[in-house]
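Undergrad: One structure, pasted below without further comment.
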Amino acid sequence: MEKIHATTVLGVVHNGTVALGADGQATMGNTVAKSNVKKIRQLQGGKILVGFAGSTADAFSLLEKFEEKLNAYGGNMKRAAIELAKDWRTDRYLRKLEAMMITASKDEILVISGTGDVLEPENGIAAIGSGGNYALSAAVALKRHASQLSAEEMVREGLHIAADLCIYTNHNLIVEKIQ
């Protein structure tokens, strides 16, 4: 059985707001398996947003582990992300999981990968998934030249541009924000 994969997740921190969004498409090979998948979750009573790309089952396993780490470290997102990345890289079971995550709080945005990376982007913009580079490029340009837009508007526009270019990304968007 082929794995469900591919998506685009984009996060932007701008003018005191963080927005995180994703498209809704899940594919199996060259077939759209579902067009309205919700890939953004709120944790800690809406104080932390998480977006995921990759194998759906793997992403949900990592989401549960991340939530456990958040609870263990009093909601400290960066510490929870670092501890998750360490476990993800070293644990035999977790090491096989194929997904990536973006986590965001009102103050910061992080990209977490299975290679042990916890990256905090310099410009407050993070993107993952098959259309991630398209969305990232669009958001960087929007933040530089259209700063009157809100973080949510930048995320929506960046995801729409990615959906126009990436066959694994659709226009069925979910965007959440924290102010």
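Only the coordinates and a few stated rules stand behind these numbers; no lab work does. Here the structure is a predicted model, which is why all the values come from computation and not from measurement. Glycine gets a Cβ as well: all are built from the backbone with ideal geometry, and neighbour counts include every protein chain shown.
Undergrad: With 10 angstrom as the radius, rank Val140, Val50, Val175 by how many other C-beta atoms surround their C-beta, starting from the fewest.
TA: Working: Val140 17, Val50 27, Val175 20.
Lowest count first: Val140, Val175, Val50.
Undergrad: Once you have the Cα-Cα distance between Asn36 and Asn123, take 0.36 nm times their residue separation minus that, and quote the gain in nm to one decimal.
TA: Details: separation 87, 0.36 × 87 = 31.32 nm, distance 2.95 nm.
Gain in length upon complete extension: 28.4 nm.
Undergrad: Using helices alone, what [θ] at 222 nm do you get for the chain, with -39,500 (n - 2.57) per DSSP H run of 4 or more residues, divided over all residues and rounded to the nearest 500?
TA: Details: 5 runs with 64 residues, N = 179.
Only helices count here, giving -11500 deg cm²/dmol.
Undergrad: Mind ranking 61-71, 35-45, 97-107 by how tightly packed they are, going by the mean number of other C-beta atoms within 10 angstrom, highest first?
TA: 97-107, 61-71, 35-45
Undergrad: For the residue pair Tyr73 and Thr90, what label-to-label distance in nm results when each label sits 7 Å from Cα along the Cα-to-beta-carbon direction?
TA: Using points 7 Å along Cα→Cβ, the separation is 1.4 nm.
Undergrad: Turning to a different aspect of this structure: Starting from the Cα of Asp164, move 7 Å in the Cα-to-Cβ direction to define the label point; list residues of the stretch 14-41 whose amide nitrogen is under 20 Å from there.
TA: Backbone N within reach: 21-25.
Undergrad: Can you tell me the convex hull volume per residue for the stretch 50-179, based on C-alpha atoms, in Å³ to the nearest whole number?
TA: Expressed per residue, the convex hull around the Cα atoms of the stretch 50-179 is 105 Å³.
Undergrad: A further question on this structure: Could you pull out which residues in the stretch 139-179 have an amide N less than 18 Å from a spot 7 Å beyond the Cα of Gln44, following the Cα-Cβ vector?
TA: Within reach of a label on Gln44, which here means backbone N under 18 Å from a point 7 Å along Cα→Cβ, the stretch 139-179 contributes 176-179.
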